[in-house]
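Please read the structure below before turning to the comments.
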Amino acid sequence: MPKAITIEDVKVILTQPGNSRLCIVKLLTSEPGLYGLGCATFTQRIFAVASAIERHLKPFLLGRAVDKIEEIWNMSMVHGYWRNGPVLNNAISGVDQALWDIKGKRAGMSVCDLLGGKSREAAQVYVHADGNSKEAVAERVRAFMAQGFRFIRVQMGGYGGEGSPMVKPRNAPPGAYFDPRDYCRQMLDMIEYVRAQVGEEVELLHDIHERLAPIHALAFAKDVERFKLFFLEDALAPEDIAWFRLIRGQCATPLAMGELFNNPQEWQFLIQERLIDFIRMHISQMGGITPARNVAIFADMYGVRTAWHGPSDTSPVGHAANLQLDLWHPNFGVQEWYLPSELDYAIFPGLPVVEAGYLYANDLPGLGIDIDEALAAQYPCRDIVEDWTQTRLPDGSPAKP
Ligand code: MG
């Protein structure tokens, strides 16, 4: 029997080429030149993930055979006893994606091929149009349409909107304030305007980003129904997901949910009861390709499509993993896409490219992406106290971001 190829080293690469701090795992193997990359990016708690990998997972992984992806994933999840948290899930994802990358390289096949092969040649993507007025949003949508994009998420003034008149109490602390009721009025007005300006051909999306009380999210989903969104994203906070039954019962606005989910208990009933239309976990946040594969198959049984989370706080390696899943599973819906910089493409050779609204893979073995470590090291992670997540209601009380 040939000697097993084993994990020889587990490297954590932290880099910040743009706004988001990124965490990449590089697994080195006993086979010279054979390595894998995985995304472990939980950008707001990046150093906790790095420490979980270096101090806890690495000692556990060294010397293990690289071919046992399932066994390593399941044992990684339980051997810390406490499980399903965002730090640990992201740490496990970095290892899991790297093991799939290695398996593909050994087989001479893309991860999509390992999973069963392509259902489609490219993945349709949605991009983010934002502006400080409805006219500016419509302008941005038109510019994206001119570039060939057919799925466009429309926001105004960032999540929760901005510029709402509000009365704050004395000594109100600093923060990212928003007024939920004014947000509803402004967004409905903006979506109505944009739809009238750009017509019915383009697919519009909107992300509530869990900013509303459940009853107001229900009212918004009903009010926005007539504008025929492709989907309404994160209408509820994960803590409120039982309310999806009420939204579902009262309107046909397509619903997408999942980027904050940690635990299978959160998505199972939403899919089984057909309470949402699109499941959209952050692949590293849920633990990597192995659990995402299971969710995609499970969702397919119930007619639920995927729309994996993919803004700039998914690393380029994570985007490459998203795309391998998108190309494979039959129940793919749409892929969220950020607009990578030239520096992103320089640090991460093989980062997928968009052409006329479609995201293409390079079909190289594994995930098809690499990292220029010397260049990445020139952009170290900065210490940041996030502002946008310090969200407050008009009376100053903390709100979900
Ligand atoms: Mg979102």
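Every number here is computed from the coordinates shown, using simple stated rules; none is lab data. Keep in mind the model is a prediction, meaning the values are calculated, not measured. Cβ placement follows ideal geometry from the backbone for every residue including glycine, while neighbour counts extend to all protein chains displayed.
Remarks
- The modelled label-to-label distance between H56 and E225, using points 7 Å beyond Cα along the C-beta direction, is 4.5 nm.
- Taking a straight line from the alpha carbon of K134, these lysines sit under 18 Å away, with near neighbours fewer than eight places off in the same chain left out: K228.
- Burial order of peptide ranges 90-102, 114-126 (average beta-carbon count within 10 Å, highest first): 90-102, 114-126
- Working note: Cα atoms of segment 114-366, range along each principal axis, descending, whole Å: 58, 41, 39.
- 0 to 90° range, to nearest 10: angle between helix 69-78 axis and the chain longest Cα axis: 60
- Segment 77-143 and segment 1-47: distance between their alpha carbon centers, rounded to Å: 16
- For segment 1-132: rounded, prolate or oblate by the Cα gyration tensor [a/c cutoff 1.5]: oblate
- Peptides 319-332, 3-16 ordered by packing proxy, namely the average of other Cβ atoms within 10 Å per residue, highest first: 319-332, 3-16.
- Hits among lysines - C-alpha to C-alpha of K400 under 20 Å, sequence gap 8 or more where chains match: K168
- Compared with the dominant principal axis of the Cα atoms in the chain, helix 289-301 is inclined by about 50°.
- Near-label residues of segment 374-398 by backbone N, under 20 Å of a point 7 Å along Cα→Cβ of N171: 392-398
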